[in-house]
Amino acid sequence: MKKQQTSESAKNLEKMLAVSPYNQLALSGVDPIKDVKIFDTTLRDGEQAPGIALSPEDKIRIALALDDLGVDIIEAGFAASGETEKEIIKELAKSNLDAKVCSLARAVKSDIDAIIDTGAGFVHTFIATSNLHMEYKLKMTPDQVKAKAVETVEYAKAHGMEVQFSCEDATRSDMSFIKEMVVAVQDAGVDSVNIPDTVGVITPRAMSYLIGELKSTLRVPISVHCHDDMGLAVANSIAAVEAGATICHVCMNGIGERSGNAALEEVAVNLFANYGIQTVDLSKIGQVSKLVERVTGFNIAGNKSIVGRNAFAHESGIHVHGVMSNSLTYEPFKPEMVGADREIVIGKHSGAHSIQGRLDKLGVEFPADHMPELLATVKKIAVTGKMIDDAELLAIVDNIIWKRGTKTKTVSLDELTVLTGKNTTSTAVVTVTVDGDDKRTAADVGVGPVDAAINAIKKAINDKITMEEYKLSAITGKSDSICEVTVMVKNVRNDGALSVGKAVGLDIVETSVDAMMAAINRDFARKRNA
Ligand code: KIV
Ligand code: ZN
């Protein structure tokens, strides 16, 4: 049984979206669009993307995931390209998938024979129909091309195959010749005809016109295969469906030759959200997309629709505020519809709402009177473009809460200059003010920039201070992570007492100095209270 959402869950899905009412209005007068089949070519056209080379195990994993997602046809490869490819298709053909397993074939009998050997029951055969391709690539006349196509379709049909025929480069082919071709292959028994926009050159309006013309010529279902060279692959696929096509060729994450193919996730979500057509199990899109990203090594752009990491991420204060009261204010549909998560990003544009929302989610109580300080710290760090993750936010919060106990500042750091490099003695100069008016400047060297800065501070305050402990940790394991420094110093006022200071920040030297200053101030505060 096909693993699609039930009509009950489809109703629930409808509550998850808020698309434009004009989408439906604009369809008045258009024949109702019913069933659309998803022909997935991630493992064929997708794998043809420069830089992708899938192992047999990778292909099988992806095919199983696509089957579970509910695609109708899986183009698993090009059987005639070699024994390994044949073995993969063979393996899938006997795997009892719900999806039909298909292989690509040129319009030559030997390519069909290679598919027959695999046991797959679906052939997708093609030959180019544009003058450009026929003259320069095939070096064949239109009549020869047509004869080849008919011969191949008849041969595959005689072997009991389901056959789809593609007019390669259809969108740059003469209309009269495409019509001649599709009628000829239809007479030869083809099951469906595919119209590829091979180099992504058609517009949605023209696609609509072309499919409309073919629809009035053909009885068999029409399929489309759109490339994204001009960014119109999904729009063209949808235009084709509006005009009567009932099969869409797609690739997960939009991978494929050059700029890729129409993205499975975008076509499926559009068909559902804007036309009410259920194709695949949308809630599995997130996981299949990640699998394809991992296995192909083809990274998804952050701003990629539906599956990019920013597709449901919000940072700016106004948007976060809106999303927190009703997510549909700034999302067309809820992320759970496509198996994704919403993320409230803490960054340069964050407001108090975002931060409070994130703290609530983390179950952290934070004193409201310190929110301005937290916001200022976050902005200071995020102004560099860094996004602050949960662990880093917690470290900043901890530090502010910790500092509440050591509020009085007796010593302040006015200036810090550090000179460091390879084969150079690290040198630091600091200027501090003690008790509001005692300004002191000191310079010292050290085994590195942190050591030099700390030595200079000691010199400015009291050179009997000793560093008993120094702990540095990166909050996450990344090179731009916020770091946390804890120091324990002794003898700030020559009495052997220990004092601890802590700070968080982006720069190790600055953060170490801040921690040192916190420890010194803590000790001065103890002195006053004593
Ligand atoms: O883009 C294209 O034309 C193709 C054909 C093989 C259908 O991938
Ligand atoms: Zn293609």
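Under the rule of at least 5 residues apart or a separate chain, name every residue whose amide H is placed under 5 Å from the amide H of GLU315.
The answer is VAL345.
Using the Cβ atoms and a cut-off under 11 Å, what net charge is assigned to the surroundings of ALA395, where Lys and Arg are +1 and Asp and Glu are -1?
Around ALA395, the charge tally is -4.
Quick check: pseudo-label points 7 Å beyond the Cα along Cα→Cβ at PHE366 and ALA301, how many nm apart are they?
3.3 nm
Applying the Karplus parametrisation 6.51 cos²θ - 1.76 cosθ + 1.60 with θ = phi - 60° to the phi angles of segment 36-51, what ³J(HN,Hα) value in whole Hz is obtained for each residue in order, glycine and proline being reported as x?
Rounded to whole hertz, the list is 10, 9, 9, 9, 8, 10, 3, 7, 10, 5, x, 6, 6, 4, x, x.
So if I take the alpha carbon set of segment 313-403, get Rg, then get Rh from the Kirkwood formula, what is the Rg over Rh ratio? The partial results should precede the final answer.
On the way: Rg = 13.3 Å, Rh = 13.6 Å.
Using only Cα positions, Rg/Rh for segment 313-403 is 0.98.
Output wanted: per-residue J couplings in Hz (rounded whole) for segment 103-108, from phi through Karplus 6.51 cos²θ - 1.76 cosθ + 1.60, θ = phi - 60°, x for Gly and Pro.
Computed from phi, the couplings for segment 103-108 are 10, 6, 8, 5, 7, 9 Hz.
For the chain, take the longest principal axis of its alpha carbons; what is the angle in degrees between that and the long axis of helix 56-69, to the nearest 10 within 0 to 90?
So the helix axis and the longest Cα principal axis differ by about 80 degrees.
Expressed as an acute angle from 0 to 90° and rounded to the nearest 10, what is the orientation of the C-alpha long axis of helix 352-362 relative to the principal long axis of the chain?
80 degrees
Counting only protein heavy atoms, what percent of the accessible surface of segment 36-296 is carbon or sulfur at a 1.4 Å probe?
Of the solvent-accessible surface of segment 36-296, carbon and sulfur hold 50 percent.
If packing is taken as the average count of other Cβ atoms within 10 Å, what order do 352-359, 267-274, 378-385, 129-136 fall into, highest mean first? List each step's numbers first, then the result.
Numbers: 352-359: 20.0, 267-274: 23.0, 378-385: 14.9, 129-136: 17.1.
Descending packing order for the listed peptides: 267-274, 352-359, 129-136, 378-385.
Give me the distance between the Cα centres of segment 38-100 and segment 277-299, rounded to whole Å.
First find each Cα centre; the distance between them is then 14 Å.
Let me understand segment 411-529 better: what is its radius of gyration from the alpha carbons, and its Dmax, in angstrom?
Considering segment 411-529 through its Cα atoms, Rg and Dmax are 14.0, 46 Å.
Amide H of ILE306 versus every other amide H placed in the peptide plane: which residues, excluding those fewer than 5 positions away on the same chain, fall under 5 Å?
Amide H neighbours of ILE306: none.
In this model, which of LYS334/LYS478; LYS37/LYS59; LYS348/LYS478; LYS290/LYS471; LYS37/LYS290; LYS386/LYS471 are farther than 27 Å apart at the alpha-carbon?
Over 27 Å apart, Cα to Cα: LYS334/LYS478; LYS290/LYS471.
For segment 207-263, restrict the atom set to alpha-carbon positions and state the Rg and Dmax in Å.
Cα radius of gyration and Dmax of segment 207-263 are 11.4, 33 Å respectively.
Rounded to the nearest percent, how much of the accessible area of segment 411-529 (1.4 Å probe, protein heavy atoms only) is carbon and sulfur?
Here it works out to 49 percent.
Tell me, what is the per residue accessible area of segment 411-529 in Å², probe radius 1.4 Å?
Per-residue value: 50 Å².
What is the angle, in °, between the Cα long axis of helix 83-93 and the longest principal axis of the Cα atoms in the chain? Nearest 10 is fine, range 0 to 90.
The answer is roughly 80 degrees.
So for LYS464, LYS386, what's the accessible-area order with a 1.4 Å probe, most first?
LYS464, LYS386
So what are the chain's ellipsoid semi-axes, whole angstrom, largest first, if each one is the square root of 5 times an eigenvalue of the alpha-carbon gyration tensor?
Values for the chain, descending: 65, 25, 19 Å.
When the Cα centres of segment 321-373 and segment 101-148 are compared, how far apart do they sit, in Å?
54 Å
Explain nothing, just compute: Karplus ³J(HN,Hα) = 6.51 cos²θ - 1.76 cosθ + 1.60, θ = phi - 60°, for every residue of segment 139-144 in order, whole Hz, x for Gly and Pro.
Going residue by residue, I get 6, 10, 7, x, 5, 5 Hz, with x marking Gly and Pro.
Let me have the 222 nm mean residue ellipticity of the chain computed from DSSP H runs of 4+ only, each contributing -39500 (n - 2.57), with the sum over all residues rounded to the nearest 500.
Computed mean residue ellipticity for the chain: -12000 deg cm²/dmol.
Would you please put 137-149, 70-82 in order of how densely packed they are, using the mean number of other Cβ atoms within 10 angstrom per residue and starting with the highest?
70-82, 137-149
Any number yet on Rg/Rh for segment 1-147, C-alpha, Kirkwood?
Using only Cα positions, Rg/Rh for segment 1-147 is 1.08.
The values are calculated or read from the model by the stated rules, or taken from the named source; none is laboratory data. Just so it is clear, the model here is predicted, and its values are computed rather than measured. Note that we place each Cβ from the backbone using ideal geometry, even for glycine, and neighbour counts take in every protein chain shown. Heavy atoms of the whole protein, side chains included, go into the accessibility calculation; ligands, DNA and RNA do not. Shrake-Rupley method; radii C 1.70, N 1.55, O 1.52, S 1.80 Å.
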